[in-house]
Amino acid sequence: MSPVSVSEVLQSAPLTARAPADNPAPPPPWWQIALLTGLLLGLYIPTLTHLVRQWLHDPNFSHGPLVPLFSAFVIWQDRTRLAALKLRPSWWGLSIVGFGLCVLIFGQLGAELFLSRFSMLIVLAGLIVLFLGWGFFRALLFPLAFLAFMIPIPTIIFNQITFPLQLLASRTASTILDWLHVNVSQQGNVIHLWWWTGTVPTPSTKDLEVAEACSGIRSLMSLATLAVIYGYLIERRIAVRVLLVSASIPIAVAVNALRIVVTGLLVQHLDPEKVEGFFHEFQGWLMFVASLLVLYLLHRAICFLWPEEETKS
């Protein structure tokens with residue numbers, strides 16, 4: 001199968017919305033749009049500020065700034081076809097905006113950041129329907145829904161995901177290290193390594209703690225986001241896109257377990273101090289690049305086993 005360029009995919013992907021045949025309603029005055037936008041922006045300034053601060057300081061969500069940039073890129077690519085759509089404002093949008101503001105109030109009262117942040121997407125969807133119409137909402141559904149990746153998941157859910165991943169990574173790494181004839185035992189998320197050193201053999205031990213940062217949640221969330229971007233730009237078939245995003249989960253878990261195995265081997269054969277600090281961080285970046293390579297190779301294998309049918313002219 002011949003490779004498909006990004007421009008061909010973007011130009012061939014039709015918008016889901018179609019302009020109605022009858023005459024559209026006139027657009028609302030710009031001063032009304034500016035006034036409402038200013039009021040809503042004033043409401044969400046604290047929420048946006050805290051969100052950006054978390055992007056910059058929390059490594060688990062460092063992919064956040066990439067999400068709105070890609071959504072803006074998708075909209076910019078479709079600007080010609082979006083301009084051809086007819087404006088059909090709908091008062092249903094006002095109900096959606098009201099619902100989004102209710103979600104914001106509940107989030108503020110309950111000190112739940114996720115609700116406050118997610119309400120931004122609801123309000124944005126309502127504004128699109130209110131000022132542009134349902135046709136624009138359907139056309140912008142993908143970039144709008146993709147914005148959900150920029151919002152960190154609730155802490156209670158994050159913790160429920162992280163700890164099982166820590167145990168899974170520890171168990172998998174311990175099994176592989178045992179296959180490689182490394183003396184190892186596991187207690188929860190701690191891996192115990194021991195070996196014999198010196199002229200007179202003496203036991204040396206080292207404990208590897210699979211901390212929250214080593215659970216794989218960081219690479220999992222970033223890889224899933226990049227899988228959506230990659231699938232949208234390179235692949236036309238929806239089923240293959242879903243498959244790539246789904247595959248990002250086991251890929252991230254497997255590569256993270258491999259990272260722990262490599263760390264264990266280096267600890268046993270090198271100075272344990274040398275595998276900490278900069279080298280440990282560099283190893284994390286290297287493994288993330290490896291997971292991207294695995295995702296790409298998986299896509300090439302899918303294309304080989306399930307070639308896309310050529311479009312007949």
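The values are calculated or read from the model by the stated rules, or taken from the named source; none is laboratory data. Bear in mind the structure is a predicted one, so any value in this text is a computation, not a measurement. Every residue, glycine as well, gets a Cβ built from its backbone with ideal geometry; the counts of neighbours run over all protein chains shown.
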**Message:** Take VAL67 and tell me if it is closer than 16 Å to LEU144 by Cβ, crowded, with 16+ Cβ neighbours inside 10 Å and without any contact (Cβ under 8 Å) to a residue 24 or more places away in the chain.
**Reply:** no
**Message:** Can you pull out every residue in the stretch 71-102 that is over 22 Å from MET120 (Cα atoms) and free of Cβ contacts under 8 Å to residues at least 24 places away in the same chain?
**Reply:** ARG79, THR80, ALA83
**Prompt:** Being of a type outside the set (Val, Ile, Thr), out of contact with any helix residue (DSSP H, G or I) (no Cβ under 7 Å at 6 or more places or on another chain) and assigned to a helix (DSSP H, G or I), is that true of even one residue in the stretch 122-133?
**Reply:** no
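Yes or no, residue by residue, for (1) in a loop (DSSP other than H, G, I, E, B); (2) at negative phi; (3) at pLDDT 90 or above:
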{"site": "TRP55", "(1), (2), (3)": "no, yes, no"}
{"site": "PHE70", "(1), (2), (3)": "no, yes, yes"}
{"site": "PHE73", "(1), (2), (3)": "no, yes, yes"}
{"site": "LEU82", "(1), (2), (3)": "no, yes, no"}
{"site": "SER90", "(1), (2), (3)": "yes, yes, no"}
**Message:** Condition first: loosely packed, with under 14 Cβ neighbours inside 10 Å and within 20 Å of LEU226 (Cα to Cα). Now tell me which residues in the stretch 74-90 satisfy that.
**Reply:** TRP76
